[in-house]
Every structure is written in C-alpha cells, then in structure tokens.
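Visitor: Questions regarding the structure given below will be posed in turn.
The values are calculated or read from the model by the stated rules, or taken from the named source; none is laboratory data. Please read all numbers here as calculations on a predicted model, not as lab measurements. A quick note on method: Cβ atoms are made from the backbone with ideal geometry, for glycine too, and the neighbour counts reach across all protein chains shown. Side chains included, ligands, DNA and RNA excluded: accessible areas come from the protein's heavy atoms. Shrake-Rupley method; radii C 1.70, N 1.55, O 1.52, S 1.80 Å.
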Amino acid sequence: MLCKNVRLHTTNIIFSSLQFDIILSNLPAKVSKEQHYLYLYDALEHLSIGGRFYVVTINGLRDFISRTFKEVFGNYEKLKQGKTYTIAMAEKR
C-alpha cells in the first residue's frame with residue numbers, strides 16, 4: 001500500500017470518564033507554560049491512583065518540568081537524559 005492512498009481524518013472523541021494507569025506524551029517545546037499546565041492537569045485528572053505520567057521533553061524544559069511535576073503531582077523522577085531530550089515521570093498518589 002502506498003502512503004499517498006492513506007487518508008487521515010480528525011475525530012474529536014471525549015474521554016471524560018476514562019482513567020488510565022499510564023499516560024505517555026512527547027510534550028511540545030514551543031507552546032506556552034499555560035498549555036503545559038493544561039497537559040499536566042489533564043493527565044492528573046485521567047490517571048488512576050498509582051498511575052504514571054511519562055514525558056519526553058527537550059532539555060531546555062527539564063527544570064520547568066521538574067518544578068511543575070512537583071507542583072501538580074507532588075513528585076518527579078528523571079529517568080533518562082541524553083544530549084537533547086529528557087525522559088521524566090510523575091505518579092498520581
């Protein structure tokens with residue numbers, strides 16, 4: 001199958017009552033701090049107790065993510081850091 005034959009359509013689906021044990025995200029680098037807070041609070045709302053939120057960010061956001069994870073989730077763990085990207089995790093307690 002050729003890629004030119006594939007058509008994607010956007011669909012809005014509301015998952016307001018779903019709870020997840022794991023949420024993974026590659027957070028965008030070029031959005032406002034307010035947008036990042038929205039991502040974090042949405043993840044917190046949809047995580048089960050003991051659920052984990054994993055993110056990949058550019059290293060320039062590492063300190064911000066550390067600070068905001070501690071603020072929103074009450075915890076932060078840096079799992080891996082490379083030259084350009086950092087992988088971090090927070091748990092809903």
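Visitor: Once you place label points 7 Å from the Cα toward the Cβ at Asn75 and Gln19, how far apart are they in nm?
Guide: My value for the distance between the label points is 1.7 nm.
Visitor: Where nothing but the Cβ of Lys and Arg (+1) and of Asp and Glu (-1) is charged, how large is the charge dipole of segment 35-75 around its Cα centre, in debye to the nearest 20?
Guide: So the dipole magnitude of segment 35-75 works out to roughly 160 debye.
Visitor: Now for a different question. Show which lysines lie in cross-link reach of Lys33 when reach means a straight Cα distance below 20 angstrom and same-chain residues fewer than eight apart are skipped.
Guide: Lys70, Lys78
Visitor: Another question, then. Around Phe20, what is the net charge, scoring Lys/Arg as +1 and Asp/Glu as -1 over all other residues with Cβ under 14 Å from its Cβ?
Guide: -2
Visitor: Carbon and sulfur: what percent of segment 40-93's accessible surface (1.4 Å probe)?
Guide: 48 percent
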